[in-house]
Amino acid sequence: MTSSTVLEIDGIYKRYGEQNALEAISLDVARGEFLTLLGPSGSGKSTLLAVLAGFTAPDRGCVYLNGADITHFSPERRRFGVVPQGYGLFPHLTAYENIAFPLRVRRTPRTRIDGRVQEVMELLQIEGLGNRLPMHLSGGQQQRVALARAFSFEPDLLLLDEPMSALDASLRRDLQAELVRLHRQVGTTFIHVTHDQQEALALSDRIVVLNRGRAEQIGSPRTIYDHPASRFVASFLGKNNLLKAIALVGPDGRIQFHWHGHRIAARPGAVPPTAGPCILAVRPENITLDAVRSSASHSDDRIRGKVISRTFLGSSTDIVVAVGDDTLSVTLPATAASPTAAGEDVWLAFDSERCWCLPNGDASPSQFAAISSELAA
Ligand code: ADP
């Protein structure tokens, strides 16, 4: 724990029958941070949020707020704002009364309630909607009322459970921008749950990637995208080509990755701890293509393949290329002059600065030995 830590999560375990919902979750949340819990359905995101909110007790482990153990505090004692899935607005109360509710529960003096409700309505830009019942508000407006209600009592921390899941794509983008603005303006610590990787990348200071109740990686969006710690993270966040490669020390003493007889220089930091089989993770946008007919020269760092298909996606074009028994996805910007058509032979080049290596590939030891002796010769 450092002086900027607001919340410390220490070794949390939670089981439901035989199911491990959370396993050994430990992390520190910094004051004012926007932290996202990201994972597929069933990975433990909601359970972890429920443990933090005080709705669910962990089987083991502790939660500390500003250094004090709050593991067994009731939700009310925690002073956390919560935006639940589906917003949980009271249908029989107006927007104003929904927002005032947490203040009334906390016995805030009547004279202060009105001022504070007006303040948060202004903050969320929903002045004028105070008299409406939730059923007379759009999805986006309901979300703003839910946020205003969660902010009304100036919480130490805001917990958001899939706040955008009920909204359509364009409204989601508007509200993502709105959440970023709010976070900057109020400076409160946000802990946000989503299964949407784009949303996590767009909003967060740091992301916790959950898989089967375990935190597979914790880091900034850039780190998690560029340097995934596991096969799961590499393929869950965006697209990745995961290639069975072999890491070897080349004649110049530096590590090279070998794949289909081609050599890719490893950049420092992307090197596995030992030479041997590995998984080379190459994002589709980090591969370039060149038609074989238009360029005669061959070099070791280019790979020959055959275009199987191309799909126009508006801002980009997806191209699938076969190399031996493998297929690769390549994404080109729509503006790039694309020299390729299905059936055509192409040279592929990987951006070696952006190739990333995961340990424990399953290339066979005999393949490794054959390439090693070829290099030594
Ligand atoms: P997520 O929010 O990532 O979809 P959850 O935290 O809801 O995941 O669930 C994690 C695991 O725990 C799942 O396998 C789920 O089926 C199980 N689980 C969650 N809540 C309960 C519960 N109340 N009773 C039994 N199993 C549960």
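A few notes on this one:
- For the range 52-58, backbone phi angles converted through the Karplus equation (6.51, -1.76, 1.60; θ = phi - 60°) give residue-by-residue couplings of 5, 6, x, 7, 10, 8, x Hz, Gly and Pro being listed as x.
- The chain - share of DSSP beta bridges that are antiparallel (%, nearest 5): 80
- Rounded, prolate or oblate (a/c below 1.5 giving rounded, otherwise prolate when a/b exceeds b/c) for the range 1-86 by Cα gyration tensor: rounded
- Mean residue ellipticity, 222 nm, helices only, the chain: the sum of -39500 (n - 2.57) across DSSP H runs of n ≥ 4, divided by residue count and rounded to 500, is -8000 deg cm²/dmol.
- Choice from GLU353, GLU216, GLU162 with maximal GNM fluctuation in the chain (Cα, 10 Å cutoff): GLU353
- Put simply, the amide H of ALA21, placed in the peptide plane, has neighbours under 5 Å in LYS14, ARG15, TYR16, leaving out anything fewer than 5 places away on its chain.
- In terms of its alpha-carbon gyration tensor, the range 75-165 comes out oblate; a/c meets the 1.5 threshold, while b/c is at least as large as a/b.
- Using a probe of 1.4 angstrom and keeping all protein chains present, the accessible surface of the range 5-231 works out to 45 square angstrom per residue.
- Just so you know, the Rg over Rh for the range 1-156 is 1.01, from Cα atoms, with Rh as the Kirkwood radius.
- Amide H contacts under 5 Å for GLN85, placed H, 5+ residues apart: ASP161
- Computed from backbone phi with θ = phi - 60° and the Karplus coefficients 6.51, -1.76 and 1.60, the 3J(HN,Hα) list for the range 98-109 is 4, 6, 6, 3, x, 6, 5, 4, 8, 6, 5, x Hz; x is used for glycine and proline.
- Lysine-lysine proximity count for the chain, Cα under 24 Å, sequence distance 8 or more or distinct chains: 4
- Bins of 20 Å from zero: percent of alpha-carbon pairs in the chain: 24, 44, 26, 6, 0
- Scanning residues 5 or more positions from ASN211 or on other chains, those with amide H under 5 Å from its amide H are GLU216, with H placed 1.01 Å from N in the peptide plane.
- Among PHE312, PHE80, the sequence by solvent-accessible area, most first, with a 1.4 Å probe is PHE312, PHE80.
- Accessible carbon and sulfur surface of the chain relative to its total accessible area, %, 1.4 Å: 50
The values are calculated or read from the model by the stated rules, or taken from the named source; none is laboratory data. Remember, predicted model here, so these are calculated numbers, not experimental data. Note: accessible area is taken over every heavy atom of the protein model, side chains too, but ligands, DNA and RNA are not part of it. Shrake-Rupley method; radii C 1.70, N 1.55, O 1.52, S 1.80 Å.
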